[in-house]
Amino acid sequence: MGDPLTFRTDGAHEEPAVTLDSFLDQSNATAVRLEPGEDARALLPYLDRLALVEVAFPAFRDGRGYSAARILRESGYTGELRAQGDVLVDQLAYMRRCGFDSFAPEKPLDPAVVKTSLERYEHPYQATIDGRAPIWKLRHG
Amino acid sequence: MYQYDTYDQSAVDARVEEFRDQVARRLSGALSEDQFKPLRLMNGLYLQLHAYMLRVAVPYGTLSGQQMHMLAHIARKYDRGYGHFTTRQNIQYNWIKLDEAPDILAELATVEMHAIQTSGNCIRNISSDQYAGAAADEVADPRPWAELLRQWSSFHPEFSYLPRKFKICVIASAEDRAAMRLHDIGIELVKRDGVLGGRIFAGGGMGRTPMIAPEIKDFVAADDLLSYLEAALRVYNRHGRRDNIYKARIKILIHEIGAKEYKRQVEEEFAHVKTLGIDPPLAEFDRIAAFFAPPAWEQGLSDDLDLSDPDFRLWVDQNVIAHQTPGYAIANISLKPIGGIPGDASADQIDLMADLATRYSFDELRVTHAQNIVLPHVKKADLYTIWQALDEAGLATANLDLISDIIACPGLDYCSLANARSIPLAQKIGQRFADPERQRDLGELKLKISGCINACGHHHAGHIGILGVDRKGTENYQLLFGGSGAEDVSLAKIIGPGFSEDGVVDAIEKATDVYKALRTDGERFVDTYRRVGMDPFKEAIYG
Ligand code: SF4
């Protein structure tokens, strides 16, 4: 696995992520990994201190990580939010919209396809925390 | 009707290009079938027994003459000259080639149509009352709400990989013509203190574990609706089961944790989501609603109708429904001719219906979940001309809601999941009860056939339901009685051991004899069944 694909200016965080259980036990870690069944809200008391949350996608069909990402961003998390695992190019745009800003796909992505996929939809219908203006906002100023 | 602005158009155009690119990557081998499958499904493309099937969205069942013509064009150019209208108010084409699918989507996009999210584990096409904007009993037109939901649910970044598919329905009448409570979320518009809002039901559905959706919220105002639904979906996305595909629908989650607990979690999530500012302003709702303003009705029209032609009279009695405006009527076009394939229409028939809509119905048509077509706003004075044109095209069957107005899924003739054929059985039942007098004497009798337990043919909601099963390699049919998808919603029950294809037709005939013998004045089949119970029917059938 190469370096994560990152959309952050400060680059990818290097400390390895620990499991949620060990994170909650030993409180000095700054990087944590969330499995699909784990509750992102368990991290809310520690957001200030976290530099990396790695959200696992063991199978691309399991969409729980999208909710986890939004919950963290909506609660003010500004550190790196990384999607790791079965992360495919056709899911990237939605992941970006949910707040992911780095990606560690198991299989490398074709950078050209990544670029077209991310630029495909000019305006979104929904408001999310990613800051892009939803279409209804553009319609009504 | 709603019309796209440049934002809507560019989103749909972008989707066409995206899918073209995905198909190219699939054909080049860059995408595996496993990776491609969810992508094609989100564009309505299934791999069936013989070919690809494309399901085109008809948002909330409403379309214009021009759009209907496009459906005919696609049937001719890319399929075998016909299309199949479905219980989801959509249309399916059964003989599609993968490499042509992007071109079809491109053609659809020219008339503001698409196949977005007609399949896959995402929020599906929003369904609604086929008489919206025309029904005498509605508190408001539900379609602006449905369109708001269409936009919100299209390409939803958080809810495109849900545990399972998700179906939402919006109605606005006490009479439920859209099986609202058999949806994952059902919304009934109601007025409270003069303000319109939604009463929310969640966790209904058919399939192998049918459930009627319980109410989870008595009133959600228009400007809270999207936040509320976002909260409802988020709870489901996070906690719906993913370990077993058969237990992944929201109905199972709600059944397992209880409606009360689900509601509590949604309320808690809503309190958070509402702070995020994701609800569009009411001005956006008003903008959408303006597209659904009533057409310019002609004033002072007569309600008189010349019914001297007996065949016309029969059709009017059965297929024409009261309209909210004097001088107008709602005309139902049955796609259930005796011996035909329920829901199928040829390209020529589709063109004809489109022409009639343009000429006589303010350019509007509707698709119903019972697989029929509606001309929602016709002048009573034009009914006879319309009927003559329909009759000539084989589209004037006067059987709305009668025993031969059968809902049937494609079944083993097309569907890769099927256990038994649905279509030939529907044809046999139609033939057995072909006599119009006999059908009319039996009155409203909703008969619904599914070719397997997935229940696309809504058999759980049939006054008489039929479920095709596989019994040691032969097709076998279980008979169910007492279901309803209407405001008297109920789930049908299996009456006993299954039958062969001919056996089930005989059994239905015996059941109708029992009904005739036991009915009291004005009782429908289902009313008699509910009153007397299953025993007299079982006795006649198995005794
Ligand atoms: S009910 Fe079964 S056979 Fe019929 S269309 Fe659905 S999946 Fe296919």
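The values are calculated or read from the model by the stated rules, or taken from the named source; none is laboratory data. Model, not experiment: these values are computed from the prediction. Every residue, glycine among them, receives a Cβ derived from its backbone with ideal geometry; neighbour counts consider all protein chains shown. SASA here: full protein model, heavy atoms, side chains in, ligands and nucleic acids out. Shrake-Rupley method; radii C 1.70, N 1.55, O 1.52, S 1.80 Å.
Apolar share of the accessible surface for chain A: 51 percent from carbon plus sulfur atoms, 1.4 Å probe.
Per residue, the solvent-accessible area of the protein assembly as shown (1.4 Å probe, heavy atoms of protein chains only, all protein chains present) comes to 37 Å².
Taking a ≥ b ≥ c as the square roots of the Cα gyration tensor eigenvalues, segment B:6-109 comes out oblate, since a/c reaches at least 1.5 and a/b does not exceed b/c. Unpaired cysteine residues in chain B (no second Cys Cβ under 4.7 Å): B:Cys122, B:Cys169, B:Cys415, B:Cys452. Summing Lys and Arg as +1 and Asp and Glu as -1 over all other residues whose Cβ lies under 13 Å from the Cβ of B:Asp279 gives a net charge of -2. Shown for segment A:46-66: residues covered by the partner protein chains by 20 Å² or more of accessible area relative to the chain by itself (probe radius 1.4 Å), namely A:Phe60, A:Arg61, A:Gly63, A:Arg64, A:Tyr66. What does the C-alpha gyration tensor say about the overall shape of segment B:136-223? Classify as rounded when a/c is under 1.5, otherwise prolate if a/b is larger than b/c, or oblate. Oblate. Sorted from greatest to least, the principal axis extents spanned by the alpha carbons of segment B:263-368 come out as 63, 41, 28 Å.
Here the Karplus curve 6.51 cos²θ - 1.76 cosθ + 1.60, taken at θ = phi - 60°, turns the phi angles of segment B:76-89 into couplings of 6, 7, 10, 10, 9, x, 8, x, 10, 7, 10, 5, 9, 6 Hz, with x standing for Gly and Pro. Amide hydrogen proximity for B:Ser119: with H placed 1.01 Å from N in the peptide plane, the residues at 5 or more positions away or on another chain lying under 5 Å are B:Gly44.
Suppose the Debye formula is applied to equal point scatterers at every Cα of the protein assembly as shown; what is log10 I(q)/I(0) at q = 0.10 Å⁻¹? For the protein assembly as shown, the Cα-only Debye profile gives -0.96. Bridge orientation summary for segment B:100-198: considering DSSP beta bridges with both residues in this region, about 40 percent are antiparallel. Each stretch of four or more DSSP H residues adds -39500 (n - 2.57); spread over every residue of chain A, this sum gives -7000 deg cm²/dmol at 222 nm.
Chains A and B together bury roughly 3700 Å² of accessible surface, counting both sides and using a 1.4 Å probe on protein heavy atoms. Bridge orientation summary for the protein assembly as shown: considering DSSP beta bridges with both residues in this region, about 65 percent are antiparallel.
Between A:Pro58, A:Pro108, A:Pro124, the residue with the greatest mean-square fluctuation in the GNM of chain A (Cα pairs under 10 Å linked by springs) is A:Pro124. When both segment B:234-288 and segment B:21-78 are represented by their alpha-carbon centers, they are found 29 Å apart. When peptides B:232-245, B:168-181, A:22-35 are sorted by average Cβ neighbour count within 10 Å, with the highest value leading, the order is B:168-181, B:232-245, A:22-35. Compute the projected area of the convex hull of the Cα atoms of segment B:134-290, averaged over all viewing directions, and report it in nm² to one decimal place. Result: a mean projected hull area of 9.4 nm².
Shape class for chain B: rounded, because the ratio a/c of the largest to smallest gyration tensor axis (alpha-carbon atoms, square roots of eigenvalues) is under 1.5.
Among the residues of segment B:143-180, those with an accessible-area drop of 30 Å² or more from chain alone to full protein complex, heavy atoms and 1.4 Å probe, are B:Gln151, B:Phe155, B:Pro157, B:Glu158, B:Tyr161. Karplus-based coupling profile of segment B:475-488, in residue order and whole Hz: 6, 9, 10, 8, 10, 10, 10, x, x, 7, x, 8, 5, 8, with θ = phi - 60° in 6.51 cos²θ - 1.76 cosθ + 1.60 and x standing for Gly or Pro. Each of A:Ser75, A:Pro124, A:Leu47 was scored by the projection of its Cα onto the charge dipole of chain A, and the greatest displacement toward the positive side belongs to A:Pro124; charges sit on the C-beta of Lys, Arg, Asp and Glu. Residue-wise HN-Hα couplings along segment B:345-353, as the Karplus relation 6.51 cos²θ - 1.76 cosθ + 1.60 with θ = phi - 60° gives them from phi, are 9, 7, 4, 5, 5, 5, 4, 5, 4 Hz; Gly and Pro carry x. Amide H contacts of B:Ile403 (H built 1.01 Å from N, in plane; Pro and chain starts excluded): B:Leu445 sit under 5 Å, all sequence-distant by 5 or more or on other chains.
Counted by Cβ distance under 13 Å from A:Glu14, the other residues give a net charge of -3, where Lys and Arg count +1 and Asp and Glu count -1.
At a 1.4 Å probe radius, carbon and sulfur cover how many percent of the accessible area of chain B?
Result for chain B: 50 percent of the exposed heavy-atom area is carbon or sulfur.
Ellipticity at 222 nm from helices only: DSSP H runs of n ≥ 4 in chain B, each -39500 (n - 2.57), divided by the residue count, give -11500 deg cm²/dmol. Within the listed set A:Val55, A:Val113, A:Val87, the residue fluctuating most in the Gaussian network model of chain A (springs between alpha-carbon atoms under 10 angstrom) is A:Val113. Centroid-to-centroid, using Cα positions, segment B:315-393 and segment A:55-108 are 49 Å apart.
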